[in-house]
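Reading through the C-alpha cells given below for one structure.
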Amino acid sequence: MRQLNSKKTIGSLAILSIFSATLAGCSLPIRAPEQQNVFRFNSPDIQTPAIDSTDSKTALLIQMRTPRAAEGFNTQSMMYSRDALNLAPYRDSRWLAPPAHMLGDVIEQTLLKQPWVAGVVPNSANAPVATSLSCRLIRLEHDIVGTTGKAHLVMSCLWTMPANHKVQGHLRFDQTRPITRNDATGFATASQHLVDQAVTQIINQTREVIVKSPKSTD
C-alpha cells in the first residue's frame, strides 16, 4: 500500500510539474514587434511680398481642399521601387501620416506665413475666398537602380474661382533628387527637398493667381 501511494505521489508530482511548466511557458512575455522609424515633412521657410491694393496691403482667404492621392500612395507606407512595374513598402520605416495629408498641412502652414493670406479655409460657404486650391499626389517613391537611388515626387495642383469654378491656373510638379544613401532616411531627406521645391512653386503661383484676379486690386 505504501508503495502504491508512493507511485501515486510521484505520478501526481510529475503531472503537476508538467502543468506548471506549461503555465510558465504561457506566461513568457511575447516579443514586441520592432519599432518603426517615423518620418514627416516640415514646412519650408518661404516669405513672399505683400499684395498691394489701391489703398492698403491685401490679406485674403484661400480655400484649400485636402489633397488626394493616387492609388498606392494613400497610406503611411514609404514606397520604393527596383523596376518600373513594382512598388514595395519599407518594412521598418513609415511616414507619420499619408504623404498627401502631410503635403496639405505643409502647404497650409506655408500659406499662413504669407502677408497676403488672412486664413485658409476648407470651403467657401461662409466666407469669400480669393481662390480655391486643390492638389493631387501622383507619386512619391524611392527609385533604386543598382547602387544608386533617387526620390521621385509627382503632383499636380489646380486653382479655380470659387464662384464659377473657372480655372485660374494649373501646376504639374515632376522632379527627382539623388539619394546618397539607399535607405529610408536618405529617401526622407531627399523627399523633403522635393517638397520644399513643390511648395515654393505652389505658393508663388497662388500669389500670381491672386494678383491677376480683378478682386485683388479692387
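The values are calculated or read from the model by the stated rules, or taken from the named source; none is laboratory data. These numbers come from a predicted model, not from an experiment. Positions of Cβ are backbone-derived with ideal geometry, glycine not excepted, and every protein chain shown enters the neighbour counts.
Structure notes:
- Test: residue in the range 138-152 that is acidic (Asp, Glu), surrounded by fewer than 15 Cβ atoms within 10 Å (Cβ to Cβ) and under 19 Å from the mean Cα position of the chain (by Cα): no
- Within the range 52-97, the set of residues being closer than 22 Å to residue 122 by Cβ, out of contact with any helix residue (DSSP H, G or I) (no Cβ under 6 Å at 6 or more places or on another chain) and among the small types (Gly, Ala, Ser) comprises 59, 70, 97.
- Residue under evaluation residue 128, criteria (1) crowded, with 16+ Cβ neighbours inside 10 Å; (2) closer than 17 Å to residue 160 by Cα, criterion not met: (1)
- Failed condition for residue 145, given (1) in contact with a strand residue (DSSP E or B) (Cβ under 9 Å, 6 or more places away or on another chain); (2) in contact (Cβ under 8 Å) with a residue 12 or more places away in the chain: (1)
- Looking only at residues of the range 167-214 that are of a type in the set (D, E, K, R), in contact with a strand residue (DSSP E or B) (Cβ under 8 Å, 6 or more places away or on another chain) and in a helix (DSSP H, G or I), we find that the one that is surrounded by the most Cβ atoms within 10 Å (Cβ to Cβ) is 207.
- A single member of 180, 160 is of a type in the set (Ser, Thr, Tyr) and within 24 Å of residue 37 (Cβ to Cβ), and it is 180.
- Among the conditions (1) farther than 30 Å from residue 127 by Cα; (2) surrounded by fewer than 17 Cβ atoms within 10 Å (Cβ to Cβ); (3) more than 12 Å from the chain's Cα centre (by Cα), residue 49 misses just one, which is (1).
- With respect to the conditions (1) closer than 24 Å to residue 180 by Cβ; (2) surrounded by 14 or more Cβ atoms within 10 Å (Cβ to Cβ); (3) at pLDDT 95 or above, residue 105 lacks only one, and its number is (1).
- Close pairs from the range 58-87: first on the phi > 0 side of the Ramachandran plot, partner assigned to a loop (DSSP other than H, G, I, E, B) and surrounded by 15 or more Cβ atoms within 10 Å (Cβ to Cβ), Cβ under 8 Å, at least 6 apart: 72/87
The rows are residues; the columns are (1) more than 21 Å from residue 39 (Cα to Cα); (2) out of contact with any Pro (no Cβ under 9 Å at 6 or more places or on another chain); (3) in a strand (DSSP E or B).
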| residue | (1), (2), (3) |
| --- | --- |
| 94 | no, yes, yes |
| 111 | yes, yes, no |
| 128 | yes, no, no |
| 144 | no, yes, yes |
| 151 | no, no, yes |
